[in-house]
1. So for the chain, taking the charge dipole from beta-carbon charges (+1 Lys/Arg, -1 Asp/Glu), which of 89, 248, 9 sits furthest toward the positive end?
2. Report the charge-dipole magnitude of the stretch 54-213 in Debye, nearest 20, computed about the Cα centre from +1 at each Lys and Arg Cβ and -1 at each Asp and Glu Cβ.
3. Work out the length of the dipole vector of the chain about its Cα centre, built from +1 on the beta-carbon of each Lys and Arg and -1 on the beta-carbon of each Asp and Glu, and round it to the nearest 20 debye.
4. Treat the chain as a sphere of radius equal to its Kirkwood radius over Cα pairs and apply Stokes-Einstein at 10 °C in a medium of 1.306 mPa s; give the translational diffusion coefficient in µm²/s, rounded to a whole number.
5. Among 197-203, 149-155, 270-276, how do they line up from the highest to the lowest mean number of other beta-carbon atoms within 10 Å?
6. Which of 258, 284 comes first, and how do the rest follow, when ranked by fewest Cβ neighbours within 10 Å?
7. Calculate how steeply helix 163-178 sits against the longest principal axis of the alpha-carbon atoms of the chain, using the helix alpha-carbon long axis, and give the answer as 0 to 90 degrees to the nearest 10.
8. Among 227, 209, 194, which residue has its Cα furthest toward the positive end of the charge dipole of the stretch 194-234, with +1 on Lys/Arg Cβ and -1 on Asp/Glu Cβ?
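Just so it is clear, none of the values below were taken in a lab; they were calculated from the coordinates. If you're wondering where the values come from, they're calculated on a predicted model, not measured in any experiment. Don't worry about glycine lacking a Cβ; one is built from the backbone with ideal geometry, like all the others, and counts go over all protein chains shown.
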Amino acid sequence: MPFLDDPETNHRRARAAEWFLTLQDRILAAFEAIEAAATGPFFPEAALPGRAERREWTRENHDGAPGGGGRTGMLRGRVFEKAGVHVSHVHGSFAPEFAGQIPGAAEDPRFAAAGISLIAHPWNPNAPTVHMNTRFVVTSKAWFGGGADLTPMLDRRRIQEDPDSLRFHAAMRAPCLAHGRDYARYKAWCDEYFFLKHRNEPRGIGGIFYDYVDSGDWEADFAFTRAVGEAFLAVYPAILEANLATPWREADRHEQQVRRGRYVEFNLLYDRGTIFGLKTGGNVESILSSMPPSVRWP
């Protein structure tokens, strides 16, 4: 029986989707708490604490049939210039030219996918941008994927010895070790994936990246993916809070915006999540919310 017709697989999809919704709420609550507790310095000075704005959306397939949907979560305030935490649970069929690129889709072009994806862009140039995504994908195969990576904005902080880098790598290593996963492979995969080939430079300082995870023990794979989400929730707010009181100069803001330009280049040229979302009729607003709110190119 194909996975998409299997009741057990559909039950698993529902469980994964529910977890992603719960994680979205917890992350947004943590971000709101940071906004409420922060004491500055702020840019702009008069900004009020931000509150998350959630919006439900629905998707139609190419034939007009229902194709699932999701919930966006956007937050702007005095700490976050822009943060998007989005969940989706969609289904449909791949276009023929895209199906060959997805495992299991050549045999059956139907798919279903549930996941959470976030990118946070703080105001303070000392605070790093962060990305996290975890997902469960079903075609005629089924697997988990995801990861998280950190992008410091200032060159002097883009080193592996920086406290933020050390803390983030330790957090991403922990779920891999606890669940018997190949941390060295996932770390190297992240370094290779988040690399701007046209500039011959990494996007950030790394993290972990994994895909096509199907060990044969779905519960174990799901537990690992949940642990990645928990690790992110524990580490990034702590990193953010450690940087919020650090003052910056106008030159730092300029450098931050130039580095954000590199982020735009990666997401539009290489990011598979962006391409997947656009080619499967996803919510364009949430897909492109990863773009920084202000950038510059030198």
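1. 248
2. That gives a dipole near 540 debye.
3. That gives the chain a dipole magnitude of about 660 debye.
4. Stokes-Einstein gives a translational diffusion coefficient of 81 µm²/s.
5. 149-155, 270-276, 197-203
6. 284, 258
7. The helix 163-178 is inclined about 30 degrees to the chain.
8. 194
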